[in-house]
Amino acid sequence: MRPLRTIPVALPGRSYDIVVGQGARDALAGLLAVRRFEAQSAQTPSAAVAASGVVIVADERVAEIHLATLLSALPPSPLVLRFPSGEASKSLSTVARLYDELAAARTDRDAVLITFGGGVAGDLGGFVAATWMRGIAYIQAPTTLEAAIDASIGGKTGVNHAAAKNLIGAFHQPIGVIIDTDFLHTLPARDFAAGLAESVKHAAIRDASFLEWQRTQAGQILDRADDVLLELIARNCEIKARVVEQDEREAGLRAILNYGHTIGHALEHLLEYELRHGECVSLGIVAENELAVRRGLLDRAVAGQLAGLLVRFGLPTRLPCALRIEDVIDRCRADKKTRGGMLNFVLLRGLADPIRVADVSPAEIHAVLSTIAPR
Ligand code: GLY
């Protein structure tokens, strides 16, 4: 028996489990059966045209490699909707096309949608599930490390707008998150490393001992040794789940997950998504730590420790090309975390000790960006 780990996410009326491990896909059939039983008990009309009532929204590159394996764990004849890999698919035009395909298949309220791919699949497919017929059930089946440990958990769904990332969206919790580590082994090294930026983030804001574990296990993590991968993902999911349980709608605590992301999102947009999300988060962590150091909040040695782990994981700590500082500041303002024109940041006072600050001046951002400027 291959070990699986189950991490509950307890939310009033919409609790679900995250199932992690090799072969976790085998849990899908049970989850769908429970859902079908609940739908029948509620006596909702059941005329889904997709024979199984299952819709898969899949990244086409992931589908090419792994769809057959996923299908082997599902009831026959699901409706499979593919979208082109890449951030450009996280758009209202892709959503509109997916609605057309759901309409053509006469997909009804009892359908269960499975998102299959990285963060784009989860955010896009989750948003379609949140809005189709005012919301249908969905399951996250992430195939990247970033999506497994962050994006697939907590019910944030959405697409990008030309003005900024993730501006259009909805909170819609999945009925389950199935993280089959078999799918993670084909992930290119660069994408795997990008996911590790969110792992460093989780440890930095919540768990100093987890940071030390990542430091000592770095080689094994990069080798994706099965037991280490399971432990890495499960510990990250625990951190994320506990934060979401306390603040599902980001009224307070959940905002700490935005550590590294105010500058990170700005860079991601300005670099036109040429860098991975996690690579931009890595740069954001370094720059935002420098901000905290300059404010006298954070010890420079701790900032150095975090930067050292990012480098060990192969993540960037310097921009690949020069950017206009004014553009970065403008992008930070366009971020949805901005309220009343104030630039919002999550800064560390130490490991596992984040605070939110809303009085960061453009001059401070100007100063810290020089520390991540290209050499
Ligand atoms: N990725 C940050 C959050 O889910 O709140």
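The table that follows gives values for the structure above.
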item	result
Evaluation of residue 31 against (1) within 19 Å of residue 178 (Cα to Cα); (2) out of contact with any Gly (no Cβ under 7 Å at 6 or more places or on another chain); (3) not basic (Lys, Arg) (one fails), failing number	(2)
Residues of the stretch 303-342 that turn out to be in contact (Cβ under 8 Å) with a residue 60 or more places away in the chain, over 23 Å from the mean Cα position of the chain (by Cα) and outside any helix (DSSP H, G or I), as a count	0
Yes/no for residue 245 being in a helix (DSSP H, G or I) and acidic (Asp, Glu)	yes
Of all residues making up the stretch 199-225, the number that are out of contact with any helix residue (DSSP H, G or I) (no Cβ under 8 Å at 6 or more places or on another chain), more than 22 Å from residue 277 (Cα to Cα) and not in a loop (DSSP other than H, G, I, E, B)	5
Restricting the stretch 129-151 to residues that are within 20 Å of residue 65 (Cα to Cα) and part of a loop (DSSP other than H, G, I, E, B), the residue that is farthest from the ligand (Cβ to nearest atom)	143
Where a residue in the stretch 8-27 is without any contact (Cβ under 8 Å) to a residue 60 or more places away in the chain and surrounded by fewer than 20 Cβ atoms within 10 Å (Cβ to Cβ) and its partner, wherever it lies, is hydrophobic (A, V, I, L, M, F, W, C) and not in a strand (DSSP E or B), with Cβ under 7 Å and at least six apart	26/73
Exclusive hit being away from the ligand (no atom under 15 Å from the Cβ) and surrounded by fewer than 16 Cβ atoms within 10 Å (Cβ to Cβ), set 231, 279, 212	212
Yes/no for residue 243 being within 18 Å of residue 304 (Cα to Cα), hydrophobic (A, V, I, L, M, F, W, C) and either in contact (Cβ under 8 Å) with a residue 24 or more places away in the chain or out of contact with any Phe, Trp or Tyr (no Cβ under 9 Å at 6 or more places or on another chain) (or both)	no
Residue list for the stretch 83-105, filter: under 17 Å from residue 56 (Cβ atoms) and not in a helix (DSSP H, G or I)	83, 84, 85, 105
Matching option when the condition is over 30 Å from residue 188 (Cα atoms), surrounded by fewer than 21 Cβ atoms within 10 Å (Cβ to Cβ) and modelled with pLDDT of 95 or more, among 305, 246	246
Matching residues, the stretch 283-302, being under 13 Å from residue 349 (Cα atoms) and in contact (Cβ under 8 Å) with a residue 12 or more places away in the chain	288, 289, 290, 291, 292, 294, 295, 297, 298, 299, 302
Hits in the stretch 282-302 - residues which are assigned to a helix (DSSP H, G or I), of a type in the set (Gly, Ala, Ser) and surrounded by fewer than 16 Cβ atoms within 10 Å (Cβ to Cβ)	301
Members of the stretch 152-180 found to be assigned to a strand (DSSP E or B) and β-branched (Val, Ile, Thr), listed by number	157, 159, 168, 177, 178, 179
Test: residue 120 is closer than 23 Å to residue 176 by Cα, crowded, with 22+ Cβ neighbours inside 10 Å, in contact with a helix residue (DSSP H, G or I) (Cβ under 6 Å, 6 or more places away or on another chain) and among the β-branched types (Val, Ile, Thr)	yes
Tally, over the stretch 152-168, of residues that are surrounded by fewer than 20 Cβ atoms within 10 Å (Cβ to Cβ) and within 11 Å of the ligand (Cβ to nearest atom)	1
All positions within the stretch 243-257 that are in contact with a strand residue (DSSP E or B) (Cβ under 9 Å, 6 or more places away or on another chain) and either away from the ligand (no atom under 11 Å from the Cβ) or of a type in the set (Phe, Trp, Tyr) (or both)	245, 252
Restricting the stretch 187-209 to residues that are surrounded by fewer than 23 Cβ atoms within 10 Å (Cβ to Cβ) and free of Cβ contacts under 8 Å to residues at least 60 places away in the same chain, the residue that is nearest to residue 236 (Cα to Cα)	209
Given (1) away from the ligand (no atom under 11 Å from the Cβ); (2) among the acidic types (Asp, Glu); (3) touching a residue at least 24 places away in the same chain (Cβ under 8 Å), index of the condition residue 272 fails	(3)
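Residues are listed down the side, and each one gets a yes or a no for (1) aliphatic (A, V, I, L, M); (2) modelled with pLDDT of 90 or more; (3) within 15 Å of residue 280 (Cα to Cα):
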| site | (1), (2), (3) |
| --- | --- |
| 291 | yes, yes, no |
| 294 | no, yes, no |
| 297 | yes, yes, no |
| 315 | yes, yes, yes |
| 358 | yes, yes, no |
| 363 | yes, yes, no |
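The values are calculated or read from the model by the stated rules, or taken from the named source; none is laboratory data. Values in this document were obtained by computation on a predicted structure and should not be read as measured data. A quick note on method: Cβ atoms are made from the backbone with ideal geometry, for glycine too, and the neighbour counts reach across all protein chains shown.
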